[in-house]
Structures are given as structure tokens and as C-alpha cells.
Amino acid sequence: MRPILEFAGVTRAYGPRLALDDVHLAMVPGELAFLVGPSGAGKTTLLKLINRELRPTSGEIWVDGIAAHDLKASRVSQLRRHVGVVFQDFKLLPRLTAKENVALALQVGDLRISDDEASERAMDALEAVGLGDRGGAFPQQLSGGQQQRVAVARAVVGQPRLLIADEPTGNLDLETSWQMMDLFADIAAFGTAVLIATHNVEIVTRLQRRVMTLVQGRLVRDQPAGRTGRMAWLASS
Amino acid sequence: MAGVVVKAHFSRRRIVRIVVANVFRYLFRGAARNWFRNAGSTAPALSSMTLLLLLSGLVGLVGFSLHNLEQVQAGQASLLHVYMREGVPSTDVNALWDRLASDRRVASVTYVTKAQALARAQQIPGLPQIAAATDGNPFPASLDVRVKSIDDAAAIDNLVRTDIAVDALNPTSYDRGAYQRIQAVLFGLGVAGIAFLLLLGFVAITVTMNSIRAAIHSRRDEVTIMQLVGAPRWMVRGPFVVEGAITGALSGAVAGLITFGLAVAGMTAGPTSFTQFAPGITVTVAAIAAAIVFVTGLGLGSGSSLISVRRHLES
């Protein structure tokens, strides 16, 4: 199967410091993987490289056939329509309702989508994340877990081939975190590759999915699904 | 049975209508809403730009008047009055007339009798009193010579000054250097006016750029989110440019209306003196000036916000 995400010898430096050092990895559609590592290991940098918020210092990054490492600034928006992103702090527009936040992601990607269609698809996405009855609520009227669900709905409404999430459970309680993980598993089951950067030991060990471990910018371990062993570093991070 | 996704076929007209509606919403309606929401922070830019555009409009009208004045002066300077001596025979006048008419530097020669000179003098403020204070007609007959180039006026003056038909004491109306002095003054005023307008333009651009920069910083999160969900660059930058254009257009409209109003008020209050002090300024000219002020405001507003967006909004 052709990889949906591929890193080939990717290095990213901030001045003299290497945030990522010669990283090689690949993900295929439908795969759910965790990216773990201590603070400052380079997890966020890796995710930002996928979404072209950063450029690599060297190496190649391919996202759904697009050369993210070599993309002009004017074409970054095209890449981002292939990648759904979920942030720890949700990043919802406070002046828009949940439904409008989700619909916005659809319409900015494709101006040919009418209001009615965008609204209908946004409601479908909100229903899929269990918020079908909160479409008219503004972000400040929703709990943290609900806001994160809206963010997930926004990330997947355009049916991206790849979904990346940076500490998506960082602001959520354990029960809500498990609900979020179920949601990500469902999304992966429908063929979207899902890459989650997290510190949550319990989730990573219990879910038994693929785990990639970054330490000081180097990908030191890549454990396939079902073979996630003890991760001593997590206890000390 | 599993659901089947059927791609609906929409007419081109419907798609165009949807695209136009979306562009209007994200570019213009969004910009207008943000402009009104940030009206408080835009107010200083709006008021200073209005003031600057108003000054520009007035400077422009004054400049146009000076240009017309210079044209009048140039027209007068190219007309040389060659005064005939008292009792000169018509043969001598005709001989001089022929000599001047055949000169390639001369555009036209007209003979003005003493009576015509008196009649003309009576049109000029102050001169009828002088004429009435003396016995008879004090104004001499003359040949009015229009030269093709003002630079040739001195040569023609030299040519006629010693002619037998010409008055030896007061041979011509030629005033060496008078026109050059007027030109120098008008040139200086023109340069000062242009420098003033450039300075005003610079200030207007800077003020608008700062206001747009403030708008970008106040909506930094919104911009980031738009970028992260895949909004194209024009959709992120466009509303800021439209906001600048709204500021510029409003400033231009207000400044243009005031410029037009002041010009019309001047024309209505004292038509004669207004024509003397501001030759060439008519209602049409004032309306054109107002339109130019409006277009300048629109251009300055959108142009300076475009510069600001390019400088302060990274991709």
C-alpha cells in the first residue's frame, strides 16, 4: 500500500540545535499511530513539518503525494486540505458556533460548497463526534471535551487522508480522553491515517497501537501495533 | 445494502453563484464586519487620512489655480505692446507692421488705435480714474505683437525699440525678467506643493499601515486558525486589504465632499473675486477634484494595507 505520509532523512535545526535528526518514517491509510517522547523530543516539530508550518532543514516529506518539503508558500493551503489537524488548545473561532467552525473548514477549502451543503456536512460531522445537538453553541458554551470534539469534527469534515493531533487529550479528563481515543480509532477505521502526539502513558500502553518514540530529535524506536512494551522513558518524562 | 455515494451534477450557473456568494461573504462581508467591530481602533487612521486627503484636495485645487495663473501670465508675456509715438504717419506704422508680420518669430500683429486703447483701459480696475484725471486720451496707439515663443519677446523688443514709428520714451510693454520672476515663484510653489503632497501621502500610508498592523495583531489567532484549516492566502489577506480600502474610501468620500463643498461655497460667496484668485476653478473642476480625492483615498487605503499585510502576515 502506498504510504500516505513519508519522512526520508528529515532533519530540522533551530540554529545549532537539532530538533529532528535524520528521521525516517512512513504511515499507510487507516493506520493509527502514537508519537511519544519526553518534552522537547521534537514531537510538535515533526507534526508542524507535516502541516508545513515549518520547513525541514534537509530531507524529504511526502504527504498524500505532495512534496511538503518543497512546497511554495502560495500552495501550502492545498496541502493543508489533505491534512486534518487537532490541537491541544482546540483553536476554535470564538465568534462562530460549533457548526460554523466546522463548516468554515469545508468552505475555505472549496468555495463551490454551498451554505446548505456545508451546514449539512458540518452537522453530520458533529453527529459523528456525538455533538449533533450542540451545533448552535459557541465554543465558550461547551466543555473542554466538547470543544475538542468540535475540533475533531472540523479536522475530519473535509475527509482528509491524514489526521494529526498534538496532545489532543492534554486538557481533558481521563474519561473524556478515552472517548477521544475511541473517536480517533473510528476515524482510522474509515481509512484515514491518524498520528497522535501524546504524553498519556495509560492510553498508549492500553491501546496497543503502533508507537514511534522520539528522543532528542531522533526516532529511537518504532514499535508496530500490538507489540507496545514498557516505555521506561515515559515514567521519567 | 450499503449506501452509494452519487455525485450530484450542478449547473455551472449555480456553482458560479455559490462561489460568488462565498467570496463575497469571506472577503467583503467579513471585512465590513471586522471594520465596524474595530471602528474604535480605526478611527485615528480614518480621521487623519480624511484630514490629509482634504489638505491634498485643497492643495490640488490651489495648484490648478496657480497653473492657470501661470498660463494667463504666459499669455500676457507673449503679447508685446509696441507703443506708437504721437502723430506718427500711417506709412511708418504700416512699414513696421509689415516688418513684424513677416518675422518668423511673430504669431500675429494687431493695430490698436488710441480710442481702442482707451476703451480697453476702462475695463481695467483703477485705470478709468487715471484717464478721467487727464485731458484727452493719454493712452497711445500700439501694435499688439504676439510672439510664438516667450523667449523671443526680448529680441522683438530690441528690433522695434529704435524704429522711427515707435515712442522713444516708452517704446514697448516688455518687462525684462518679470515673467521669469513669476515663473520662478510658481515653480517654487509647485515644488513645495508636490513635496507637501508627497509628505501627506507618506503620512497617510504610514497611518493606514499601522492601523492594519494593529488589526492583524488583534486577530492573530483567527488568522492562524484560518491558515491552519487550509484557507488560501487571498482569503486570509483579502479581508485586511478590503478593510484598508473601506478606510481609504470613507476618508476619500468625506474629504472629497468637503473639498467640493468648500469650492462651491467660495464660488457662491464671491464669484468675481473667486475667479480672480482661483482662475479655472469651476463646479466641474471641483467635482473632478472630489472624485480624484476619493479614488486617491481608495488607492492609498488598499495599497497601504496591502503593503502592511505583506509585511506583517507571514504565510
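What's the magnitude of the charge dipole for chain B around its Cα centre, counting Lys and Arg as +1 and Asp and Glu as -1 at the beta-carbon? Answer in Debye, nearest 20. Walk me through the intermediate numbers first.
Numbers: 27 positive and 17 negative charges, 542 e Å.
With only Lys, Arg, Asp and Glu charged at Cβ, the dipole is about 2600 debye.
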- Message: Net charge around residue A:91, counting only other residues with Cβ within less than 15 Å of its Cβ (Lys, Arg = +1; Asp, Glu = -1)?
- Response: 0
- Item | Paired Rg and Dmax values of the range A:93-159, which use every Cα atom, in angstrom | 10.6, 33
- Within straight cross-link reach of residue A:91, meaning Cα distance under 23 Å, which lysines are found once same-chain residues fewer than 8 apart are removed? A:43, A:48, A:99
- Query: In chain B, which longest range has no GluC sites (Glu not before Pro) that are both DSSP loop (not H, G, I, E or B) and surrounded by at most 16 other Cβ atoms within 10 Å?
  - Reply: B:87-313
- Exposure proxy check on B:309, B:264: fewest-to-most Cβ neighbours within 10 Å is B:264, B:309
- Note on the structure: So, relative contact order of the range A:93-159 in percent, Cα under 8 Å, 6 or more apart, is 46
- When A:43, A:99, A:48 are ordered from fewest to most other Cβ atoms inside 10 Å of their Cβ, what list results? A:48, A:99, A:43
- Query: Taking a temperature of 4 °C and a viscosity of 1.567 mPa s, what whole-number D in µm²/s does Stokes-Einstein yield for chain B with Rh from Kirkwood over alpha carbon pairs?
  - Reply: 51
- Item | Signed unit charges on C-beta, dipole axis of the range A:93-159, positive-most listed residue A:144, A:118, A:101 | A:144
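Would you compute, from DSSP H runs of 4+ residues alone, the mean residue ellipticity of chain B at 222 nm, taking -39500 (n - 2.57) per run and dividing by the full residue count, rounded to the nearest 500? Don't skip to the end; give the middle numbers.
Values: 12 runs with 219 residues, N = 315.
So the calculated ellipticity at 222 nm is -23500 deg cm²/dmol.
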- Message: Angle check, please: helix A:98-109 long axis (alpha carbons) against the longest principal axis of chain A (alpha carbons), in degrees 0 to 90, nearest 10.
- Response: 70
- So the angle from the long Cα axis of helix A:174-189 to the longest Cα principal axis of chain A, reported in degrees to the nearest 10, equals 90
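Work out the length of the dipole vector of the range A:33-94 about its Cα centre, built from +1 on the beta-carbon of each Lys and Arg and -1 on the beta-carbon of each Asp and Glu, and round it to the nearest 20 debye. Write out the running numbers ahead of the final one.
Details: 9 positive and 5 negative charges, 37 e Å.
For the range A:33-94, the charge dipole is close to 180 debye.
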- Task: Could you work out how far helix A:144-156 tilts from the main Cα principal axis of chain A, as a 0 to 90 degree angle to the nearest 10?
- Result: 90
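Below 12 angstrom from the Cβ of residue B:81, what's the summed charge of the other residues (Lys, Arg +1; Asp, Glu -1)? It would help to have the intermediate numbers written out before the result.
Working: positive: B:120, B:146; negative: B:144, B:157, B:167, B:175.
Value of the local net charge: -2.
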- Placing +1 on each Lys and Arg Cβ and -1 on each Asp and Glu Cβ in chain B, then taking the dipole about the Cα centre, the residue among B:82, B:111, B:283 whose Cα reaches farthest towards the positive end is B:283
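Under a point-charge model restricted to the Cβ atoms of Lys and Arg (+1) and Asp and Glu (-1), what is the dipole moment magnitude of the range A:57-190 relative to its Cα centre, in debye to the nearest 20? Spell out each step's value before the answer.
Numbers: 13 positive and 19 negative charges, 99 e Å.
Using Cβ point charges on Lys, Arg, Asp and Glu, the range A:57-190 gives about 480 debye.
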- At 222 nm, what helix-only mean residue ellipticity would chain A give, in deg cm²/dmol to the nearest 500, using -39500 (n - 2.57) for each DSSP H run of four or more? -10000 deg cm²/dmol
- Query: Arranged by the count of other C-beta atoms within 10 angstrom, fewest first, what order do A:75, A:17, A:81 take?
  - Reply: A:17, A:75, A:81
- Would you mind checking the radius of gyration and Dmax of chain A based on alpha-carbon positions, in Å? 17.4, 51
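Give me the net charge of residue B:139's neighbourhood, meaning all other residues with Cβ under 11 Å from the Cβ of residue B:139; Lys, Arg count +1, Asp, Glu -1.
Numbers: positive: B:114, B:120; negative: none.
Around residue B:139, the charge tally is +2.
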- Message: Please check: in the Gaussian network model of chain B (C-alpha springs, under 10 Å), which one of B:301, B:188, B:252 has the largest mean-square fluctuation.
- Response: B:188
- Query: Most mobile of B:74, B:101, B:215 per a Gaussian network model of chain B (Cα springs, under 10 Å)?
  - Reply: B:101
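Throughout, read-outs are computed from the coordinates displayed, never taken from laboratory work. Bear in mind the structure is a predicted one, so any value in this text is a computation, not a measurement. Cβ sites come from the backbone with ideal geometry, for glycine too, and all protein chains shown count toward neighbours.
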